[in-house]
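Novice: The following block contains the structure, expressed as structure tokens.
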Amino acid sequence: MTSVKIQLLPMRKILETKQLEFDKSSFFIDLIKHDNGSLYIEILQRIHNNKSDGQKIKINPAILMDLVAVLLDFHEKIPVKPGDGVLHFSENDKKNLQERYLKGVSTKDLALQFDTTETIIEMILRNRGIVVMTDVRPEKTYRWRKKR
């Protein structure tokens with residue numbers, strides 16, 4: 001009789017997810033709780049029009065602040081080209097954007113005001129828990145009456 005060794009995969013629970021959408025790819029950033037109680041961050045990048053499952057990176061929370069500091073340092077060194085639009089919004093900008101949207105300003109108008117794309121505006125609103133409505137009006141339906 002042969003014995004088979006079964007290896008159980010560790011269980012994980014996704015506590016929170018944020019999605020960043022850009023023209024050519026999307027990023028899913030998950031806060032994960034491992035079955036042993038430890039927390040870590042998992043980032044999945046999916047490239048649009050690519051059939052693969054994407055690329056995944058797991059980040060230990062102990063190095064998170066060092067990683068953020070390095071990324072911010074690099075961000076300051078990379079010049080923004082004219083026409084690139086705003087890719088980063090401060091918390092104050094996001095709050096202002098949210099208030100304007102809730103007052104009835106369309107995502108198209110917000111994209112013009114903030115020099116960015118509608119996709120980024122919608123992503124910010126969704127990440128703040130706001131349901132984004134389309135600006136398309138439904139077609140008018142007609143009721144036909146029979147002539148007498």
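The values are calculated or read from the model by the stated rules, or taken from the named source; none is laboratory data. These figures come from a predicted structure and were not determined experimentally. Neighbour counts are summed over all protein chains in view; Cβ atoms, including those assigned to glycine, are modelled from backbone coordinates with ideal geometry. Each accessible area value is taken on the protein alone, full model and side chains, heavy atoms only, with ligands, DNA and RNA left out. Shrake-Rupley method; radii C 1.70, N 1.55, O 1.52, S 1.80 Å.
Novice: Test each condition in (1) open to solvent by 100 Å² or more (accessible area, probe 1.4 Å); (2) within 15 Å of Met123 (Cβ to Cβ); (3) at pLDDT 80 or above; (4) not charged (D, E, K, R) for Leu102 and report the one that comes out false.
Specialist: Single failed check for Leu102: (2).
Novice: Let me ask something else. Go through Asp93, Asp66 for me and flag whichever is modelled with pLDDT of 85 or more and within 24 Å of Gly129 (Cβ to Cβ). Reasoning before the result, please.
Specialist: Numbers: Asp66 fails: within 24 Å of Gly129 (Cβ to Cβ).
Answer to the selection: Asp93.
Novice: Additional query: Within 30 Å of Asp115 (Cα to Cα) and modelled with pLDDT of 75 or more - does that describe any residue in segment 7-14? It would help to see each step written out before you state the result.
Specialist: Within segment 7-14, the first condition is being within 30 Å of Asp115 (Cα to Cα), and the residues that meet it are none.
There is no residue in segment 7-14 that is within 30 Å of Asp115 (Cα to Cα) and modelled with pLDDT of 75 or more.
Novice: Identify all residues within segment 41-59 that are open to solvent by 100 Å² or more (accessible area, probe 1.4 Å) and in contact with a Gly (Cβ under 6 Å, 6 or more places away or on another chain); write none if there are none.
Specialist: So the first thing to find is which residues in segment 41-59 are open to solvent by 100 Å² or more (accessible area, probe 1.4 Å), and the list is 46, 49, 51, 53, 55-56, 58.
Hit for segment 41-59 is Arg46, nothing else.
Novice: Could you list all residues from segment 37-56 that are under 11 Å from Phe27 (Cα atoms) and in a strand (DSSP E or B)?
Specialist: Glu42, Ile43, Leu44, Gln45, Arg46, Ile47, Gln55, Lys56, listed by residue number.
Novice: Also, I was wondering about something else. Among the numbered criteria (1) surrounded by 10 or more Cβ atoms within 10 Å (Cβ to Cβ); (2) assigned to a loop (DSSP other than H, G, I, E, B); (3) at pLDDT below 85, which one does Lys81 miss?
Specialist: (1) is the only condition that Lys81 fails.
Novice: If the requirement is being closer than 29 Å to Ile130 by Cβ, at pLDDT below 85, among the hydrophobic types (A, V, I, L, M, F, W, C) and touching a Phe, Trp or Tyr at 6+ places or on another chain (Cβ under 8 Å), which of these qualifies: Leu20, Leu87, Leu71?
Specialist: After applying the criteria, what remains is Leu20.
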